[in-house]
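The structure appears right after this line, and notes come after that.
The values are calculated or read from the model by the stated rules, or taken from the named source; none is laboratory data. If you're wondering where the values come from, they're calculated on a predicted model, not measured in any experiment. Ideal geometry is used to build each Cβ from the backbone, glycine not excepted, and the neighbour counts take in all protein chains shown. These area figures cover heavy atoms from the full protein model, side chains too; ligands, DNA and RNA do not enter into them. Shrake-Rupley method; radii C 1.70, N 1.55, O 1.52, S 1.80 Å.
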Amino acid sequence: MIDILGYFCIGVGIVFWFWGTIPLLGKRTVLFKLHSLSVADTLGSMAILFGLLLKLPSEWQLLILAILSLAMWNTMLGYVLAYCTSSQEES
Amino acid sequence: MNSILNFILMLMIVAMLIPIYAAWKSNDVWQKMLALTSVSTKASIIILVVSVLRDDWMIGVVGAIVLSVGNAGFMLLAHLLKRMDNK
């Protein structure tokens, strides 16, 4: 049961990845792409890491460290990129 | 467990090829930054999946370090690019 739940979480994460990455190929603005990308990369990666956590509990310290640093750094990076590109589009 | 995780790994590598192509194709520096940010996050998650696949902590530590230091480096680069744009 845990294995199936783990694979389900990893599957959801990969679907998020593809959903957030495909707009990168389009012609939309940077901010539009940034929104779908940061949501998909952050949430998708966290779902994948949670799935890995379910599959291999012995490595929980490392995976929780990765989830926390992902949540912090990826969110911060999305904000910094949005700040830098929006002021560039104004000027 | 291994064959399914190997298939998942292939899917993740395909998902990583999309931003690599987007970074290669685009001319705007911010579009390129966006694509390479996505490549770095995906690469670190792939490293973590390989570490679980091989049950090897050292590879996992590398993935966690890439995750935090890589994104921090991108933030500094974004600020640098912004200041160069303003000049």
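Some points to look at:
- Filter pass, A:Ile10 being open to solvent by 70 Å² or more (accessible area, probe 1.4 Å) and among the hydrophobic types (A, V, I, L, M, F, W, C): no
- Residue among B:Ala72, B:Ala64 that alone is in contact with a Ser or Thr (Cβ under 8 Å, 6 or more places away or on another chain) and modelled with pLDDT under 90: B:Ala64
- Boolean, A:Val39 is more than 10 Å from chain B (Cβ to nearest Cβ) and either under 27 Å from B:Ser26 (Cβ atoms) or at pLDDT 85 or above (or both): yes
- Restricting attention to the range A:54-67, the residues being closer than 23 Å to A:Gly11 by Cβ and within 9 Å of chain B (Cβ to nearest Cβ) number 7.
- Subset tally (residues that are farther than 28 Å from B:Leu80 by Cβ and open to solvent by 10 Å² or more (accessible area, probe 1.4 Å)) for the range A:41-61: 12
- Exactly one residue among A:Phe16, A:Phe32 is of a type in the set (Phe, Trp, Tyr), open to solvent by 80 Å² or more (accessible area, probe 1.4 Å) and farther than 19 Å from B:Asn2 by Cβ, and that residue is A:Phe32.
- Residue check, A:Asp3 facing another protein chain (nearest Cβ under 9 Å), surrounded by fewer than 14 Cβ atoms within 10 Å (Cβ to Cβ) and part of a helix (DSSP H, G or I): yes
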